[in-house]
Amino acid sequence: MNIKSIHHVAILTDDYPRSKVFYTEVLGFTIIAETYRAERKSYKLDLAIDGLYQIELFSFPDFRERGSYPEAKGLRHLAFAVDNVEAAAAELRSKGVDVEPVRVDELTQKKFVFFTDPNGQPLELYEG
């Protein structure tokens, strides 16, 4: 096996229009494709991050709520690299996103900050 990179991350939403706006207009991801699958009553939105990676945003009418926050088994959070965490956090706040205080990683001395998407999915900005 020769894993080269992470291909994509899939995120399930219960509010597709709100999540679409969040990931495209607030976080600035580019839409690659948007598909409505009538047999599933589900949207699939493929998003690019700087043209390199994809997030697949799905809507399903029969979703289940996420386990206890944030220590549920499985995916804990997604982290996105930014050049300046404080500037990025300020931009998110200006767009109405609730952002935790900026912290410093005790191991790397890099700044990071947490926030959530409209579905409660924990997200992180990491300086580097």
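The values are calculated or read from the model by the stated rules, or taken from the named source; none is laboratory data. Quick caveat: nothing in here was measured; it's all calculated off a predicted structure. Here the Cβ is made from the backbone with ideal geometry for all residues, glycine too, and neighbour counts use every protein chain on show.
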Boolean, Thr35 is β-branched (Val, Ile, Thr), closer than 30 Å to Lys4 by Cα and not assigned by TED's automatic domain parsing to the domain that holds Lys4:
no
Lone unmet requirement of (1) in contact (Cβ under 8 Å) with a residue 24 or more places away in the chain; (2) part of a strand (DSSP E or B); (3) within 23 Å of Glu127 (Cβ to Cβ) for Ala48
(1)
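Yes or no, residue by residue, for (1) in contact (Cβ under 8 Å) with a residue 12 or more places away in the chain; (2) more than 23 Å from Ser5 (Cα to Cα):
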{"position": "Thr30", "(1), (2)": "yes, no"}
{"position": "Ala87", "(1), (2)": "no, yes"}
{"position": "Asp117", "(1), (2)": "yes, yes"}
{"position": "Pro122", "(1), (2)": "yes, no"}
{"position": "Gly128", "(1), (2)": "yes, no"}
Hey, does the stretch 106-113 have a residue that's free of Cβ contacts under 8 Å to residues at least 12 places away in the same chain, over 22 Å from Val9 (Cα atoms), among the acidic types (Asp, Glu) and part of a loop (DSSP other than H, G, I, E, B)?
yes
I'm told Tyr23 meets every condition in (1) closer than 19 Å to Gln121 by Cα; (2) among the hydroxyl-bearing types (Ser, Thr, Tyr); (3) assigned to a loop (DSSP other than H, G, I, E, B) except one. Can you identify the failing condition by its number?
(3)
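Going by what's in this entry, would Asp50 be described as within 15 Å of the chain's Cα centre (by Cα), in the same structural domain as Glu127 (by TED's automatic domain parsing) and either polar (S, T, N, Q) or surrounded by fewer than 12 Cβ atoms within 10 Å (Cβ to Cβ) (or both)?
Criteria not met by Asp50.
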